[in-house]
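Written below as structure tokens is the structure these notes are about.
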Amino acid sequence: MLLNFMSELRQVNVSKTGVSKLAIVALAIVFAVGLFIVGFDQGHIFSLVYGEQAFEDLYIHELTHDMRHAAGFPCH
Amino acid sequence: MKTFLFIVIVLISGSFAGFIHGTVNFAIVEPYLDQAIGIENQNLFASGEEKDTPEFWVEYEGYRAWQKSGQILAGIILGTSIGALFGIVFALSRNSLPGNNDVKKAIVLAGIMWFSMFLIPFLKYPANPPTVGDPETVVLRSILYLSFIAISGFGVVGFYKLSKKFQNNKRLVALIGYGVFISVIFFAMPENPDEITAPMDLVNEFRIMSFLGVTSFWVSIGVILGFFWKRYSPHKETTKSYT
């Protein structure tokens, strides 16, 4: 009886497979931001600091340019 | 679930796999990018937009060095990003995936995501080197490409859930359902509007190398996250002592 009870307690502790919602939100943000940086930024992120000039400089676009092509993203 | 451990191993797995992807690209894709950009330069000279001067080449070498230096860094960023999605899907689907250990389960999932989110979209909208692509259509092409990936990915999830309602032949139902669905979408989606003006040999060889590079990522993310998951078991609660 006691052994069964102990076994059930142990199962409760090790068999919960519910995925943390916090982790899902955090990883979803990483996914979206990373995808935007590599696949789609045309100066948008740096424009938050440098304004319109960032759309001319395209630093992130140029930095990710080769990966964009290689990974199949439309580039230009 | 050990939340912090889960996030950490997912991010590390993604960045490792992305590093491998970037390194493979650096080795096998860069030569084709250089060739394609060389053609682009010749077109600029022929059209009179640029002049073949030492100043042009100094500026060119400068930005090409910046672009090349970003290949591996961008690989790590993209790998971390796609790895984050892979981690979420793996955590949610782990109990349903076939395989008797986490490495096998992760490799199976990587194969499913490679097929549905890369191979099928790649067949419809294959990668193109520089010189191919009209800047005026880049937004349309981006929408088409992302939409197709999303439709294909959600299609797999949808038909998997639908198949659970059947008593028998669940996998067959899911496979046939997805196959019919994605075939219809494949032919219904508009074609890439841009004409290919670069030599087809160059374009095809570039596509093969691009294919190998992306495939190296999916193999890596499955193996690496699978090993980390098997080693650290982030799905388990911290065991408390009752003694």
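Rule-based calculations on the coordinates, nothing more; no lab input. Predicted model only: the values in this text are computed from it and were never measured. Cβ atoms come from the backbone with ideal geometry, glycine included; neighbour counts cover every protein chain shown.
Miscellaneous remarks
- Looking only at region A:34-76, residues that are surrounded by 15 or more Cβ atoms within 10 Å (Cβ to Cβ), at the interface with another protein chain (Cβ under 9 Å from one of its Cβ atoms), outside any helix (DSSP H, G or I) and on the phi < 0 side of the Ramachandran plot come to 5 in all.
- Of the listed requirements (1) surrounded by fewer than 17 Cβ atoms within 10 Å (Cβ to Cβ); (2) within 17 Å of A:HIS69 (Cα to Cα); (3) within 14 Å of chain A (Cβ to nearest Cβ), B:PRO190 misses just one: (2).
- Selection over region B:105-144 of residues that are of a type outside the set (S, T, N, Q), more than 25 Å from B:ARG171 (Cβ to Cβ) and out of contact with any helix residue (DSSP H, G or I) (no Cβ under 7 Å at 6 or more places or on another chain) gives a count of 10.
- Residue selected from region B:5-33 under the condition in contact with a Pro (Cβ under 9 Å, 6 or more places away or on another chain) and more than 7 Å from chain A (Cβ to nearest Cβ), by the criterion farthest from B:GLY70 (Cα to Cα): B:LEU5
- Candidate set from region B:1-52 (those that are touching a Gly at 6+ places or on another chain (Cβ under 8 Å) and among the small types (Gly, Ala, Ser)); member that is farthest from B:PHE227 (Cα to Cα): B:GLY22
- Helices (runs of 4 or more DSSP H) wholly inside region B:52-133 that include at least 3 residues being surrounded by 20 or more Cβ atoms within 10 Å (Cβ to Cβ) and facing another protein chain (nearest Cβ under 9 Å): B:54-93
- Remark: B:VAL138 falls outside the filter, which requires a residue to be crowded, with 18+ Cβ neighbours inside 10 Å, more than 25 Å from B:ARG94 (Cα to Cα) and within 12 Å of chain A (Cβ to nearest Cβ).
- Looking across region B:8-34, the residues that are β-branched (Val, Ile, Thr) and touching a residue at least 12 places away in the same chain (Cβ under 8 Å) come down to B:ILE9, B:VAL10, B:ILE12, B:ILE20, B:THR23, B:VAL24, B:ILE28, B:VAL29.
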